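Report on one structure; see the data block that follows.
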Amino acid sequence: MAKRIKVGAPEITRLLHVAASPRGATSESLKIARAFLDSYRETHPGNAIETWDLWDGSLPAFGPAAATAKMAVFAGDALQADETAAWQAAQTTFMRFDSADHLLFSVPMWNAGIPYILKQLIDVISQPGMVFGVDPYNGYTHLLEGRGKKAAVIYTSAVWGPGLGASFGTNFQSTYFEDWLRWTGITDISQIRYHPTLTGITDDERRKAHAIARERARDF
Ligand SMILES: Cc1cc2nc3c(=O)[nH]c(=O)nc-3n(C[C@H](O)[C@H](O)[C@H](O)COP(=O)(O)O)c2cc1C
């Protein structure tokens, strides 16, 4: 659960880009992320940068064995072999996530929410003793709190946009995702938005989003 890695001295700050769009070169959120990362690289030359493409097959499933393991951990029960393996996979995934000081997320809107692959990451790593603690009287504690972590989140959509009526959909994308970030204890969050809607003014909106991404990266 190291906050920073040591490569000799001094310590290196790590930025992890968690990429949730599968659309490669055509992805708007990944293009904005590239603008952010180019600017970040220029302005933070000593920092390590890694991109985690959530679609690359590295995420473990969170199915029957993992869900049973989670409830057994809550109950203090022993784990069967397949449950131990599922729990270890969750721990390894969490450690990769937790090794970052700075987090950049690229998050397209999918059916008003987030892509299921990002929800899969959330379901794999949101475990007692990793992301949260809980007690019956005070509720949750946020285990990533006070660790100097911060997040920038790129939100894209094509139909929904801020200020449009309910007939354009409802935003469960940033509301859900930022509720989760705050639950982990990551509360320093900045947003970069690209919501051209169906108006056809995509070029202007794209230029603005890329400029904001470059600026946010400089000050990150
Ligand atoms: C599976 C899927 C579901 C989508 N659902 C919505 C939606 O509910 N509302 C919306 O405004 N756009 C929706 N879109 C459009 C994307 O949010 C939009 O094209 C966005 O730019 C995609 O990000 P990307 O280019 O980084 O992949 C959806 C796209 C896909 C592929």
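Taking other residues whose beta carbon is less than 14 angstrom from the beta carbon of Thr84, and scoring Lys, Arg as +1 and Asp, Glu as -1, yields -2.
Sorted on the mean count of surrounding Cβ atoms within 10 Å across their residues, most packed first, peptides 197-203, 114-120 read 114-120, 197-203.
The angle separating the long axis of helix 116-125 from the principal Cα axis of greatest extent in the chain is about 40 degrees. The long axis of helix 28-43 is offset from the longest Cα principal axis of the chain by roughly 80 degrees.
Mean separation of Cα pairs under 8 Å and 6+ residues apart, divided by the residue count of the range 158-218: what relative contact order is that in percent?
36 percent
Computed from backbone phi, the HN-Hα couplings of the range 195-204 come to 10, x, 6, 9, 7, x, 9, 5, 4, 4 Hz, rounded to whole numbers (Karplus: 6.51 cos²θ - 1.76 cosθ + 1.60, θ = phi - 60°; Gly and Pro given as x). For Gln191, the residues 5 or more places off, or on other chains, whose built amide H falls under 5 Å of its own are Val153. Rolling a 1.4 Å probe over the protein heavy atoms of the range 83-166, with every protein chain left in place, gives an accessible area that is 57 percent carbon and sulfur.
The residues of the chain expose on average 49 square angstrom of accessible surface per residue, using a 1.4 Å probe on protein heavy atoms.
State to the nearest 20 debye the size of the charge dipole of the chain about its Cα centre, where the only charges are +1 on K and R beta carbons and -1 on D and E beta carbons. Could the numbers behind the result be given before it?
Details: 22 positive and 23 negative charges, 113 e Å.
With only Lys, Arg, Asp and Glu charged at Cβ, the dipole is about 540 debye.
Taking amide hydrogens as placed 1.01 Å from N in the peptide plane, the amide H of Ile12 sits under 5 Å from those of Ile5, Val7, each at least 5 positions away in sequence or on another chain. Rounded to the nearest Hz, the phi-derived 3J(HN,Hα) couplings of the range 137-143 under the Karplus curve 6.51 cos²θ - 1.76 cosθ + 1.60 (θ = phi - 60°) are 9, 9, x, 7, 10, 10, 6, where x marks glycine and proline. If contacts are Cα pairs under 8 angstrom and at least 6 residues apart, what is the relative contact order of the chain in percent? Averaging sequence separation for qualifying contacts and normalising by length gives 25 percent for the chain.
Take the Cα radius of gyration of the range 181-220 and divide it by 2.2 N^0.38 Å, with N its residue count; two decimals is plenty.
On the way: Rg = 13.2 Å, N = 40, 2.2 N^0.38 = 8.9 Å.
Normalised Cα radius of gyration, the range 181-220: 1.48.
Helix 64-75 and the longest principal axis of the C-alpha atoms of the chain enclose an angle of approximately 60°. Between the residues Ala112, Trp55, Gly161, the greatest Cα displacement towards the positive end of the dipole of the chain, with unit charges on the Cβ of Lys, Arg, Asp and Glu, is found for Gly161.
What are the trypsin sites (Lys or Arg not before Pro) within the range 12-69 that DSSP puts in a loop, where the Cβ has at most 16 other Cβ atoms within 10 Å?
Working: sites: Arg14, Arg23, Lys31, Arg34, Arg41; in loops: Arg23.
Passing sites in the range 12-69 are Arg23.
Phi angles of the range 78-85 translate, via the Karplus equation with coefficients 6.51, -1.76, 1.60 and θ = phi - 60°, into HN-Hα couplings of 6, 9, 6, 4, 5, 6, 4, 4 Hz per residue; Gly and Pro are given as x.
Answer rounded, prolate or oblate for the range 7-106, using the Cα gyration tensor with square roots of eigenvalues a ≥ b ≥ c: rounded when a/c is under 1.5, else prolate when a/b is larger than b/c, else oblate. Oblate is the answer for the range 7-106, as a/c is 1.5 or above yet b/c matches or exceeds a/b.
Under 5 Å between amide hydrogens, built in the peptide plane, is the criterion, and for Trp52 it picks out His17, Val18, Ala19 among residues at least 5 positions away or on other chains. The C-alpha atoms of the chain occupy a region whose extents along the principal axes are 58, 51, 36 Å, arranged from largest to smallest.
What is the sum of charges around Lys119, taking Lys and Arg as +1, Asp and Glu as -1, for the other residues whose C-beta is under 15 Å from the C-beta of Lys119?
On the way: positive: none; negative: Asp123, Glu178, Asp179.
My count for the surroundings of Lys119 gives -3.
The Kirkwood hydrodynamic radius of the range 59-127, based on inverse pair distances between different Cα atoms, is 13.1 Å.
Of the listed residues Tyr176, Tyr140, Tyr194, the order by accessible area with a 1.4 Å probe, largest first, is Tyr140, Tyr176, Tyr194.
The values are calculated or read from the model by the stated rules, or taken from the named source; none is laboratory data. Values in this document were obtained by computation on a predicted structure and should not be read as measured data. Glycine gets a Cβ as well: all are built from the backbone with ideal geometry, and neighbour counts include every protein chain shown. Just so you know, the surface numbers come from the protein's heavy atoms only, side chains and all, with ligands and any DNA or RNA stripped out. Shrake-Rupley method; radii C 1.70, N 1.55, O 1.52, S 1.80 Å.
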